[in-house]
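Following: one structure in structure tokens, then a few remarks.
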Amino acid sequence: MAGTVSQLAIFAYCAAMGFVAAATIATFYQWVTSEKAELFSVRASVPGVVLAVLVSMFGGPFIVASKVLAGIRAGEIRVVPAIVGAAVAGMWSVCAGIFYVSLLVSA
């Protein structure tokens with residue numbers, strides 16, 4: 001059928017959109033707080049815990065991918081865990097991208 005978008009293209013678009021949004025959120029957090037975004041970092045206050053959960057939830061794919069890349073560069077991580085980490089970050093990006101696309105479609 002002419003004019004239809006394949007499911008693979010939609011999957012790739014959602015993955016890209018999710019990863020770009022995660023990178024933007026994690027980088028914005030780092031810019032505002034002057035500290036790297038971490039997954040579920042320990043905070044003393046309730047607003048700090050809520051912020052840590054939100055940054056982890058929406059910036060997670062970028063945080064995981066950057067940790068995998070840092071582990072590869074330092075030689076601390078082997079091939080199989082690196083592939084698993086990249087797959088987790090990729091699928092997390094797809095799920096986040098589907099969430100963002102559905103928000104855009106529903107608006």
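The values are calculated or read from the model by the stated rules, or taken from the named source; none is laboratory data. Quick caveat: nothing in here was measured; it's all calculated off a predicted structure. Here the Cβ positions follow ideal geometry from the backbone for every residue, glycine too, while neighbour counts run over all protein chains shown.
Here are some notes:
- Selection of the range 48-87 for residues being among the basic types (K, R) and either in contact (Cβ under 8 Å) with a residue 12 or more places away in the chain or not in a helix (DSSP H, G or I) (or both) yields K67, R78.
- Which numbered condition S45 fails, given (1) polar (S, T, N, Q); (2) touching a helix residue (DSSP H, G or I) at 6+ places or on another chain (Cβ under 8 Å); (3) without any contact (Cβ under 8 Å) to a residue 12 or more places away in the chain: (2)
- Some residue of the range 35-43 being of a type outside the set (G, A, S) and in a helix (DSSP H, G or I): no
- The set of residues in the range 1-49 that are charged (D, E, K, R) and farther than 15 Å from S66 by Cβ contains only R43.
- Restricting the range 22-48 to residues that are more than 23 Å from Y100 (Cα to Cα) and surrounded by 12 or more Cβ atoms within 10 Å (Cβ to Cβ) leaves a set whose member that is modelled with the highest pLDDT is K36.
- Check on A16, assigned to a helix (DSSP H, G or I), under 18 Å from the mean Cα position of the chain (by Cα) and within 23 Å of F99 (Cα to Cα): yes
- Checklist (1) farther than 24 Å from W31 by Cα; (2) crowded, with 16+ Cβ neighbours inside 10 Å; (3) touching a Gly at 6+ places or on another chain (Cβ under 8 Å) applied to P61, failing item: (1)
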